[in-house]
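Throughout, read-outs are computed from the coordinates displayed, never taken from laboratory work. For clarity, every value in this text was computed on a predicted model and none was experimentally measured. Because the Cβ atoms are built from the backbone with ideal geometry, glycine has one as well, and the counts that use them run over all protein chains shown.
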Amino acid sequence: MLQTGLGIRSITMMAVALLLAAMTADAAVTVFTGHLSRVNAAAFSPDGTQVLTGSGDKTAKLWDAFTGAEIRTFTGHSSEVNSVAFSPDGTRVLTGSTDYSAKLWNAASGAFVRTYSGHTDTVRSVAFSPDGTQVLTGSNDLSAKLWNMSTGALVHTFTGHLSGVYAVAFSPDGTQVLTGSGDQTAQIWNASTGVKGMAFGKHGAAVNSVAFSPDGTKVLTGLSDNTAILWNASTGALIRTFTGHTGAVNSAVFSPDGSKVFTGSLDYTAKLWNSATGALLQTLAGHTYYVRSAAFSPDGAAVLTGSWDNTARLETLPVPKGTILIDNNHTATNNTAATLGLTWSGGWGTGVARMRFSDDGAHWTAWEPLLATRAYTLPAGDGYKTVRVQFLDQLNNTSAVFSDYIRLDTVAPTGSIIINAGALSTASQTVTLGLTYTDGAGTGVARMRFSDDGAHWTAWEYPKASKSYKLPLPNGYHTVRVQYLDAAGNYSATYSDYIKLAMP
């Protein structure tokens, strides 16, 4: 077998086994334990490496998202911390408290930076603007306030709600502010002027949580009547209701791509939903008391919950995963007809259901049934070819894109042979072969072999420019033939030279 000529890539079977084991492992859960009272709020850092929590013990804590280890504590509030947020660049932390204030902290050192004072009741919710220059707070004093982050100066007070403002959020472009209230309404405001925009008033229960979809076209509200509602942000039309909790929904958020909704409830659970259909994807039941906060990681691969059981929990999601290998991991081929080796795991519902393929990442085949081995035609034209695969689970959640590459080389190498520098005769059976070979822009000449009669050949060997060779007996004219093979498996034509053996 000419294994070396085919150029097997240096990935070991052990590495493949470890990869598959990691892919099929159960979803990881990290529990953050250290608060002395209920956890009211939890948030991911913008890079997903840290977790921030706010608690009834009057502190906020920063944690390592991977290990669960506590990094630092933010101490300074005189009452419980109800809401927390990271600045978009991750350098600042914002906390809102029952002590009527919001405070800004240095995330790296834990140092206190400033207090936003002006509310006359509990600060229930806080948020940073998308550009990080402004801070938004919502309070039981029936108002929301917009502040200059750097100076602490008050920019606007949003008034008009008839009960406490329980939740606040910015639109993705920062031009609008969204508030949710105990008066059973949600309201959009112009962030620059403070003027009211669209109102969402058909809730029938207190609005505990508000969020804009990542594209800004929808609004999500979490309600005390055990539901969450999706609205059209422009028209105020109700799109769908997420029903299934048996306790008030305290927190409702979108996944980073907008495809999912995550809710936390007083029924001790958090739930994941398909935002397009309203279908329940999964119930997370790890907490032993009220779930007051819910968040997605920046990459959408994990969720975070904060609970009155004094803990926060980070759980990875069972998104579909997989691998792809082209032609058993060979580096090159001379044929557009390839064989794909595929593995998959995870996924919602009963797991992975379909797969699709692409040569460029933009144009995809139709979704098709799963096969561990699939024939595939590479695009024509020599060069590197990348084949991408994506997997789909039973509830229409798509995996990341997995890929492998191979080099297509359909052009055979060329070469030459000359015996004893072109001499016409020799008195010795042992001669020296002068050899030249090239594969042009191809994968390179990998082997050569020789024959005296064109039917029987030596074993393939590494190419070199000069080779000692023994002519067969008897005396007379002898022809030596050479053939070259490149790394893609292309055979050259047969090249030859002759010489007369004239031994004494």
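Other residues whose C-beta falls under 10 angstrom from the C-beta of Thr339 contribute a net charge of 0, scoring Lys and Arg +1 and Asp and Glu -1.
Distances longer than 17 Å among the Cα atoms of region 414-501: what percent of all pairs is that?
Counting every Cα pair in region 414-501, those more than 17 Å apart make up 45 percent.
The slack in the chain from Asn329 to Thr157, taken as 0.36 nm per residue of separation less the alpha-carbon distance, amounts to 55.7 nm.
If you average over every viewing direction, what projected area does the convex hull of the Cα atoms of region 314-380 give, in nm²?
Dividing the Cα hull surface by four gives the mean projection, 6.1 nm².
From the Kirkwood radius over Cα pairs of region 273-357, Stokes-Einstein at 37 °C and 0.692 mPa s returns a whole-number translational diffusion coefficient of 201 µm²/s. Think of region 414-501 as having a plus end and a minus end, set by charges on the Cβ of Lys, Arg, Asp and Glu; of Ile419, Pro463, Asn490, Ile419 sits farthest toward the positive end of this dipole. The label point for Ala372 and the one for Tyr405, both projected 7 Å from the Cα toward the Cβ, are 2.9 nm apart. Phe262 sits among other residues whose Cβ lies under 12 Å from its own Cβ, and their net charge, with Lys and Arg +1 and Asp and Glu -1, is +1. In the chain, a dipole from Cβ-located charges (positive for Lys and Arg, negative for Asp and Glu) runs towards its positive end, and of Met198, Thr438, Ala375 it is Thr438 whose Cα lies farthest in that direction. Across the cross-link table entries Lys61/Lys196; Lys103/Lys202; Lys464/Lys500; Lys260/Lys321, which are compared at the Cα atoms, the separations over 28 Å belong to Lys61/Lys196; Lys103/Lys202. The candidate values were (1) 21, 42, 22, 12, 2; (2) 26, 59, 15, 1; (3) 20, 36, 21, 14, 8, 1; the one computed from these coordinates for P(r) over Cα pairs in 20 Å bins from 0, in percent carries the label (3).
In the chain, the calculated helix contribution to ellipticity at 222 nm averages -1000 deg cm²/dmol per residue, counting -39,500 (n - 2.57) for every DSSP H run with n ≥ 4.
Here the residues Glu70, Glu461, ranked from fewest to most Cβ neighbours within 10 Å of their Cβ, fall in the order Glu461, Glu70. Using only side-chain charges placed at the Cβ, +1 for Lys and Arg and -1 for Asp and Glu, the dipole size of the chain relative to its Cα centre rounds to 240 debye.
The residues packed around Asp121, meaning those with a beta-carbon under 11 Å from its beta-carbon, carry a net charge of -1 if Lys and Arg are +1 and Asp and Glu are -1. Size of region 123-278: Rg and Dmax of its alpha carbons, in Å, are 14.5, 44.
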